[in-house]
Amino acid sequence: MLPGTGTRVIVQGITGERGAYHTGRMIEAGTKVVAGVSPGRGGLAIHGVPVYETVSDALDEHEADATVVFTPPPEVPPSVYEAIEDELKLVVVSAKGVPLRDTMRFVRLAREKGTAVIGPASVGIARPGASVLGSWPHEVLSKGDIAIVTRFCTLGVAVTAALTSAGLGQSLCIGLGGEHVVGTDERDVLPVISEDNRTKAVLLVMDPMRSVVPMCEALEELKLPAVAYVPGSADATIKRLEIVKGLESAGALVVESLEGAIDALGEFSGQ
């Protein structure tokens, strides 16, 4: 699941406006983009990346480990199915508004086949200093030892930028996606992060409206210190109190401001 310098990436939807733009940005960040896929546009090149009709055609010519899907919402399910069938192990889905039923189907198939799906509605996954898979702006990233896990796109990027400005670099940034159903959640990524030797602390950017009960067991077993930033109003609503209590009981340090998160992470980080 974790990308690195050697991760070889395909971009599905590379000839679209978003696909072409973010392909260029990923290459700037050091990502090894080996091929693009766009039905009906095979034979073109985008940012020097050859374009193929299908994932299978791309894999006939290039070895790849992961794909980033920039196709429009209606085209996301067949794109993901194609990647799963061709045995790519990591699929990052950028689009918002993918029909829930379609998402549930391809997430179920991905789990059966051993493919990790990040998203939909994901800003992507980044290994600062090595690669970006998705739309994380590489300018806000800096290499360090803090892993960021977020359900938000814009807020996740803003938090990352704030950490970088404070001198707190990141080992890993994962945008799980903002939809009700996503392919990978905190239960999946925390055990992986726990074994990552580049990471010394974890920052969870929490959705104050989402239950934390499913992730608490994984959080309890995390081998690293965790800070949970719960944005929004600090009013003592029942929902918020439940979230804070659940996170604290699982061993996380809960903070209500970004400044508080930065202060706490400064204590845990080796930077």
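The values are calculated or read from the model by the stated rules, or taken from the named source; none is laboratory data. Just so it is clear, the structure is predicted and the values come from calculations on it, not from any experiment. Please note: Cβ atoms are built from the backbone with ideal geometry, for glycine as well, and neighbour counts cover all protein chains shown.
One residue stands out in the stretch 1-55 among those that are of a type in the set (S, T, N, Q) and in contact with a Pro (Cβ under 9 Å, 6 or more places away or on another chain): the one that is nearest to residue 194 (Cα to Cα), namely 31. Considering every residue within the stretch 104-117, establish whether at least one is within 24 Å of residue 25 (Cα to Cα), touching a strand residue (DSSP E or B) at 6+ places or on another chain (Cβ under 8 Å) and hydrophobic (A, V, I, L, M, F, W, C). So far as the stretch 104-117 goes, yes, one or more of its residues are within 24 Å of residue 25 (Cα to Cα), touching a strand residue (DSSP E or B) at 6+ places or on another chain (Cβ under 8 Å) and hydrophobic (A, V, I, L, M, F, W, C).
Of all residues in the stretch 148-176, those being touching a residue at least 60 places away in the same chain (Cβ under 8 Å), under 21 Å from residue 222 (Cβ atoms) and aliphatic (A, V, I, L, M) number 4. Selection of the stretch 32-69 for residues being closer than 14 Å to residue 90 by Cα and part of a helix (DSSP H, G or I) yields only 55. A residue that is within 15 Å of the chain's Cα centre (by Cα) and assigned by TED's automatic domain parsing to the domain that holds residue 147 can be found somewhere in the stretch 194-203.
Selection over the stretch 199-208 of residues that are modelled with pLDDT of 95 or more and either closer than 16 Å to residue 243 by Cα or not polar (S, T, N, Q) (or both) gives a count of 6. Taken over the stretch 13-28, residues that are of a type outside the set (Lys, Arg), touching a residue at least 60 places away in the same chain (Cβ under 8 Å) and in contact with a Phe, Trp or Tyr (Cβ under 8 Å, 6 or more places away or on another chain) amount to 2.
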